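Heads up: the structure comes next, in structure tokens.
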Amino acid sequence: MDKYIDTLKEITNNFSYHRFIDFLKEIDSEILNGNSLHLTPEFIYYFKQIISMVNDQYIVDNRPGTLGHMLVENALLNKERLSPMLSVCFFLEQKANLDLDAVCNEINFSHLNEKYYRMMITNNHDNSNSSISINWTHYSKPKETADKYNYDMMFDILHELTHVYQLTRTEQTENPFDKLTYYDYQKDSILIRNGGNSGNMFFHQSLLSEFMADEQAYAFMLQLIQNHPEYFNNDLIENKQNEYQERKNGTYGDYGANPREAFSELILDIKKTYEKYPNEPSVAFIKPMLEEIEILNQKSQPLIIQLQSQGFSEKAWDRYYSIFLKSLYKFDGKNIIMENVLQDNISKRI
């Protein structure tokens, strides 16, 4: 890694576009050839210096766009798969968009044959650091088109970045949305720490933090599709629009249509297990766990009421908030309708 950092320093001090592209290809080749790679905070620091360079001839939102933004957009327009390092460009740009530059600046590329593991955020509670692990084996498998590959990659990055947003919220915030996000993340963390099977689809989908991560990714990508259909083919666009419509219409149960109800049903099922076997030592942990979650539920309730009084909730028929687009939005049964959006937040490109 030291040699890569030295190269980045040299490119930063004496920038050459072609040399930087060759550098990206070198790292991409290492990852694509099956080698695990750990991008350190120092690497990320210098890498961000370069991809944040602006080009006066490349205009995004009426101002010069960045090199990293341009490289990602060119790949989408040219129907090329986002390489590992272009995926990092998208990750870092959207992380900065969330004002999270100071966290999650370690990226691990691995090659594991685990079907459910695509990307994962690790929160190191002992030092308040976090990192993202990307299982490139999942993305190296054949896809129908470059468009589908790119959509899946971007969706997963947005999903994981939402988890970074969640774990950086605090109870001290005055923002009711962020405070509720904090309580939801704490409740889900309690369940997972106590042996919750996050690999089980029904358990995983019932978690409020997972609903939010998917919802934030859907909202961003569907707005991108609506504003820039040239990035993706018509079949994929139609498929993703139908997928979201089924989610909001409750085709898959309450997971997307009424996630708080889905979470309540999960807690009720856990409670029933304890009540059925109250003297079983293996389930003794359930009672204190549920008591801990109930305390957080009580703290959450005034926030839920406050937000719902404004027609704002996770329910499919209410308004919700996009942390990436920084806007309220509503699903009208077919399309996402953005509300009180600042013009600066409607990107003409990604």
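The values are calculated or read from the model by the stated rules, or taken from the named source; none is laboratory data. Worth saying up front: this structure is predicted, and the values here are computed from it rather than measured. Positions of Cβ are generated from backbone atoms using ideal geometry, with glycine treated the same way; all protein chains shown enter the neighbour counts. Ligands, DNA and RNA are stripped out before the accessible areas are found, and what is left, the full protein with its side chains, is counted by its heavy atoms. Shrake-Rupley method; radii C 1.70, N 1.55, O 1.52, S 1.80 Å.
For the options P281, P64, P142, a Gaussian network treatment of the chain with springs between C-alpha atoms closer than 10 Å singles out P281 as fluctuating the most. Against the chain, whose longest principal axis is taken from its Cα atoms, helix 208-227 shows a tilt of about 40°.
List the GluC sites (Glu not before Pro) within region 144-193 that fall in a DSSP loop (any state other than H, G, I, E or B) and whose Cβ has at most 12 other Cβ atoms within 10 Å. Numbers along the way, then the final one.
Details: sites: E144, E160, E171, E174; in loops: E144, E171, E174.
Sparse-neighbourhood loop GluC sites (Glu not before Pro): E144, E171, E174.
Over region 1-99, the fraction of Cα-Cα pairs per 10 Å bin, rounded to whole percents and listed from the shortest bin up, is 14, 49, 33, 4, 0.
Comparing E280, E80, E292 in a Gaussian network model of the chain (Cα springs below 10 Å), the most mobile by mean-square fluctuation is E280.
Over the chain, what relative contact order in percent results from Cα pairs under 8 Å that are six or more residues apart?
Numbers: 440 pairs, mean separation 47.9, N = 350.
Result for the chain is 14 percent.
Against the chain, whose longest principal axis is taken from its Cα atoms, helix 286-308 shows a tilt of about 70°.
By the Kirkwood approach, averaging reciprocal distances over each pair of separate Cα atoms, the chain gets a hydrodynamic radius of 21.7 Å.
Scanning the chain for chymotrypsin sites (Phe, Trp or Tyr not before Pro) lying in DSSP loops with no more than 16 further Cβ atoms inside 10 Å, the longest uninterrupted stretch between such sites is 118-251. For region 149-218, the square roots of the Cα gyration tensor eigenvalues, ordered a ≥ b ≥ c, give a/c of at least 1.5 with a/b no greater than b/c, which places it in the oblate category.
Label positions at K299 and K334, each projected 7 Å from the Cα along the C-beta direction, are separated by 4.4 nm.
Computed over protein heavy atoms with a 1.4 Å probe, the carbon and sulfur contribution to the accessible area of the chain reaches 47%. What separates the Cα centres of region 83-104 and region 14-56 is a distance of 13 Å. Dimensions of region 203-350 along the principal axes, based on C-alpha atoms and rounded to the nearest Å, stand at 61, 34, 23, largest first. If you take the alpha carbon atoms of region 167-278 and fit the smallest convex hull around them, that volume is 138 Å³ per residue. Highest mobility in the GNM of the chain, judged by mean-square fluctuation with C-alpha springs under 10 Å and restricted to E93, E210, E243, is found for E243.
Between rounded, prolate and oblate, where does region 290-340 land on the alpha carbon gyration tensor, with a ≥ b ≥ c its root eigenvalues, rounded for a/c under 1.5, else prolate if a/b exceeds b/c? The shape class here is prolate. The Rg/Rh ratio for region 65-139 is 1.01, where Rg is the radius of gyration of the alpha carbons and Rh is the Kirkwood radius. A 1.4 Å probe run over the protein chains yields, for the chain, 49 Å² of accessible area per residue, whole-number rounding. Take S131: with every protein chain present and a 1.4 Å probe, its accessible area is about 10 Å².
What's the extension gain from E10 to K287 if we count 0.36 nm per residue and subtract their Cα-Cα distance?
Details: separation 277, 0.36 × 277 = 99.72 nm, distance 5.81 nm.
Computed gain between E10 and K287 is 93.9 nm.
Once the Cα atoms of helix 41-51 and of the chain are each reduced to a long axis, what angle between those two axes, in degrees from 0 to 90 to the nearest 10, is obtained? Roughly 60 degrees, rounded to the nearest 10.
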